[in-house]
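Here's the structure we're looking at; comments come further down.
The values are calculated or read from the model by the stated rules, or taken from the named source; none is laboratory data. None of these values were measured; they are calculated from a predicted model. Heads up, the Cβs are rebuilt from the backbone with ideal geometry, glycines too, and the neighbour counts pull from every protein chain shown.
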Amino acid sequence: MKTEGDTDTCLITGSTLLPGNKLILADLGNYKVKLVNLQTSRVTAELKTSSKPWDIASISGDTVAVTVPDSRKIVIVKVTDQLRLNRELPVDGECRAVLHSNGNLIVSYNNPGKIEIMSLDGKATRKIAQSESFQNPYYMTLSENNKALYVSDCDGGCVTRLSLDGAVEATYEDEELFLPTGVVGVGQQGRLLVCGGGSGNIHLLEPGLTQGKLLLQGIGCPQSLSYCHSTDRLYVGMLSDNIKVYQLS
């Protein structure tokens, strides 16, 4: 699958799946949010952002949140056949990863690193963790029971499991996992996948982070991950003009 229509190289740093065979992308290289029809593998709509977008989370079937770190804001985008800016939420720092859970946003920041819970109207309600637990938490995913966070720490070279109170429960490191980036939960056993952005691979990790193994190797520069549970299909956003799609079973 390839994105088209831009003069600059696409850098897919975030993605999320929506109903109706839709994939939403954050194209950092072109300052755009893009809507992809998965049946045709075509970009059907675009929305320009004020600066480089980073990550995307689904709030509902027709609404997503997009972090824009350099502008220090999260934009809420309505999704139909087009993409429309709904509102902007100013934030206190360089926001990176974003998740939606129980009517709130969970947001990570770097410089300095922290993770906090925010209401959908932009009010920070609780801080989960600060920089003692990580260096640059670029990506996150929730555990299967929504009681823990997996944080991909690019500069720290590891994946950390945190309780929602900020306690470090486990850490995964591997000499073949260099500059970890995107992370996503897969399957029914609570396992997760993490990109080695600098090692050109994807690792499959057990939920307790007690062990992991290489799942995909030699795939370039993987950056972001989206997973479809119903089809067992993995969408890998690359630091290039394409999205790689893998059938896991």
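For region 15-36, the candidate set comprises residues that are out of contact with any Lys or Arg (no Cβ under 9 Å at 6 or more places or on another chain) and in a loop (DSSP other than H, G, I, E, B); within that set, the residue that is farthest from residue 60 (Cα to Cα) is 21.
A single entry from 159, 151, 183 fulfils the requirement of being within 27 Å of residue 241 (Cβ to Cβ) and touching a residue at least 12 places away in the same chain (Cβ under 8 Å): 183.
Is it the case that region 190-209 has a residue that's surrounded by fewer than 16 Cβ atoms within 10 Å (Cβ to Cβ) and farther than 30 Å from residue 41 by Cα? Yes.
Working carefully through the options 68, 36, 77, 64, find the one that is touching a residue at least 60 places away in the same chain (Cβ under 8 Å) and buried (at least 19 other Cβ atoms within 10 Å of the Cβ).
Going through 68, 36, 77, 64 in turn, just one is touching a residue at least 60 places away in the same chain (Cβ under 8 Å) and buried (at least 19 other Cβ atoms within 10 Å of the Cβ): 36.
Restricting attention to region 173-227, the residues that are small (Gly, Ala, Ser) and either in a strand (DSSP E or B) or within 23 Å of residue 67 (Cβ to Cβ) (or both) add up to 8.
The set of residues in region 157-176 that are hydrophobic (A, V, I, L, M, F, W, C) and in contact with a Ser or Thr (Cβ under 6 Å, 6 or more places away or on another chain) comprises 158, 159, 168. Residues in region 133-176 that are over 17 Å from the mean Cα position of the chain (by Cα) and among the hydroxyl-bearing types (Ser, Thr, Tyr) were compared, and the one that is surrounded by the most Cβ atoms within 10 Å (Cβ to Cβ) is 172. Can you find a residue in region 63-75 that is more than 17 Å from the chain's Cα centre (by Cα) and over 22 Å from residue 140 (Cβ atoms)? No, region 63-75 has no match at all.
Can you find a residue that is among the charged types (D, E, K, R), outside any strand (DSSP E or B) and either under 19 Å from residue 13 (Cβ atoms) or in contact with a Cys (Cβ under 9 Å, 6 or more places away or on another chain) (or both) anywhere in region 160-172? Scanning region 160-172 turns up no residue that is among the charged types (D, E, K, R), outside any strand (DSSP E or B) and either under 19 Å from residue 13 (Cβ atoms) or in contact with a Cys (Cβ under 9 Å, 6 or more places away or on another chain) (or both). Against the conditions (1) part of a strand (DSSP E or B); (2) farther than 18 Å from residue 148 by Cα; (3) of a type outside the set (A, V, I, L, M), residue 122 satisfies every one except (1).
Here 99, 23, 47, 105 are screened, and the one residue that is of a type in the set (A, V, I, L, M), touching a residue at least 40 places away in the same chain (Cβ under 8 Å) and over 21 Å from residue 123 (Cα atoms) is 23. Take residues that are modelled with pLDDT of 95 or more and in contact with a helix residue (DSSP H, G or I) (Cβ under 6 Å, 6 or more places away or on another chain) and tell me which of the strands (runs of 3 or more DSSP E) falling wholly in region 37-119 contain 2 or more. By residue number, 94-101.
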